[in-house]
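Student: Following this message is one structure expressed as structure tokens.
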Amino acid sequence: MDADVAAAAGLFADRTRASVIAALLDGRSLTAGELARSCDVSAATISAHLRRLLDAGLVAVSAQGRHRYYRLADERAGRAFEALAVLAPVLPVRSLRQSRAAASLRAARTCYDHLAGHAGVRLAEALVSRGILGPGGFALLAPAELTSFGVDVAAAERSRRSFAHPCLDWSERRHHLAGALGAALLDRLVTLEWLVRDRSSRAVRVTDAGHDGLRSRFGCDLTVL
């Protein structure tokens, strides 16, 4: 192989750097101070780890006034993080709060900018079952079905990133929909208030309207959530 896999894997091998990626997986931009508090490390420590992630191109930074905001450079880091999580052992839950947070993430969460967790996998499977997406690679077979739903399919097709592809879900061990189409679909579901983002994590809550709407529109039953 001509790819230095060990070097790339090393970026995730430190718990603090892995925690930085996890904190940014919902697409937010955070300051170094916010990331330090999230990772429970000092400012000097977080700065050193952010420098490594910046140099590797996994994280980008932008200035706004006196503050510098860090974000994932693109979806590559998120996809690699989720893929590694499939192989990783589950951390022990030590409190009721941790148990509830873990359950929320497994039920529905964002993976970079698309829907993941049980809800994401079930929705992708429903779209395949309805013939809207093709099996395997999630090719879009019936764009009118999503366009009439309000998803900006044309804008997603113009994006420079991958249009639609499967992303292996670490908690479900099955695939959810990623790429520009997955992001556009998530945006539409949030706009309709079928999904509500958690303010402090990447968990997503399916509303009552969302349960009813996903069932009637796409045949996606999420009553277990």
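The values are calculated or read from the model by the stated rules, or taken from the named source; none is laboratory data. Computed from a predicted structure; not experimentally measured. Counting neighbours? That spans all protein chains shown, and the Cβs are built from the backbone with ideal geometry, glycine included.
Student: Cβ-Cβ below 6 Å, separation at least six or inter-chain, first residue in the stretch 32-48 and of a type in the set (Val, Ile, Thr), second surrounded by 13 or more Cβ atoms within 10 Å (Cβ to Cβ): which pairs?
Tutor: Val41/Thr16; Ile46/Ala32; Ile46/Leu35; Ile46/Ala36
Student: Just checking, which of Gly213, Gly182 is surrounded by 17 or more Cβ atoms within 10 Å (Cβ to Cβ), free of Cβ contacts under 8 Å to residues at least 24 places away in the same chain and either assigned to a helix (DSSP H, G or I) or more than 19 Å from the chain's Cα centre (by Cα) (or both)? Full working, then the answer.
Tutor: On the way: Gly182 fails: free of Cβ contacts under 8 Å to residues at least 24 places away in the same chain.
Result of the check over Gly213, Gly182: Gly213.
Student: Is one or more of the residues making up the stretch 91-100 over 14 Å from Asp198 (Cα atoms), hydrophobic (A, V, I, L, M, F, W, C) and surrounded by 12 or more Cβ atoms within 10 Å (Cβ to Cβ)?
Tutor: Of the residues in the stretch 91-100, the ones over 14 Å from Asp198 (Cα atoms) are 91-99.
Still in the running and hydrophobic (A, V, I, L, M, F, W, C): 91, 93, 96.
Subsequent filtering for residues that are surrounded by 12 or more Cβ atoms within 10 Å (Cβ to Cβ) retains 93.
Yes, there is a match, as at least one residue in the stretch 91-100 is over 14 Å from Asp198 (Cα atoms), hydrophobic (A, V, I, L, M, F, W, C) and surrounded by 12 or more Cβ atoms within 10 Å (Cβ to Cβ).
Student: For the stretch 1-111, give me every one of the strands (runs of 3 or more DSSP E) that falls completely inside it and has 2 or more residues that are farther than 21 Å from Pro166 by Cβ. If you could, list the steps in order and put the result at the bottom.
Tutor: On the way: elements: 59-64, 67-72, 109-111.
Counting at least 2 such residues, we get 59-64, 67-72.
Student: Looking at the stretch 1-28, I want the residues that are not assigned by TED's automatic domain parsing to the domain that holds Val204 and have a partner that is part of a loop (DSSP other than H, G, I, E, B) with Cβ atoms under 7 Å, at least 6 apart or on another chain. Which pairs are those?
Tutor: Leu11/Ala56; Leu11/Leu58; Thr16/Val41; Leu25/Tyr112; Leu25/Arg202; Asp26/Arg202; Gly27/Tyr112; Gly27/Asp113
Student: Right, another one. From the list Val86, Val59, pick out the single residue that is buried (at least 16 other Cβ atoms within 10 Å of the Cβ) and in contact with a Leu (Cβ under 7 Å, 6 or more places away or on another chain).
Tutor: Working: Val86 fails: buried (at least 16 other Cβ atoms within 10 Å of the Cβ).
Of Val86, Val59, the one residue that is buried (at least 16 other Cβ atoms within 10 Å of the Cβ) and in contact with a Leu (Cβ under 7 Å, 6 or more places away or on another chain) is Val59.
Student: Then there is this: Within the group Val151, Val204, Val121, which residue is in a helix (DSSP H, G or I) and crowded, with 18+ Cβ neighbours inside 10 Å? Quick ask: steps written out before the conclusion?
Tutor: Numbers: Val151 fails: in a helix (DSSP H, G or I); Val204 fails: in a helix (DSSP H, G or I).
After applying the criteria, what remains is Val121.
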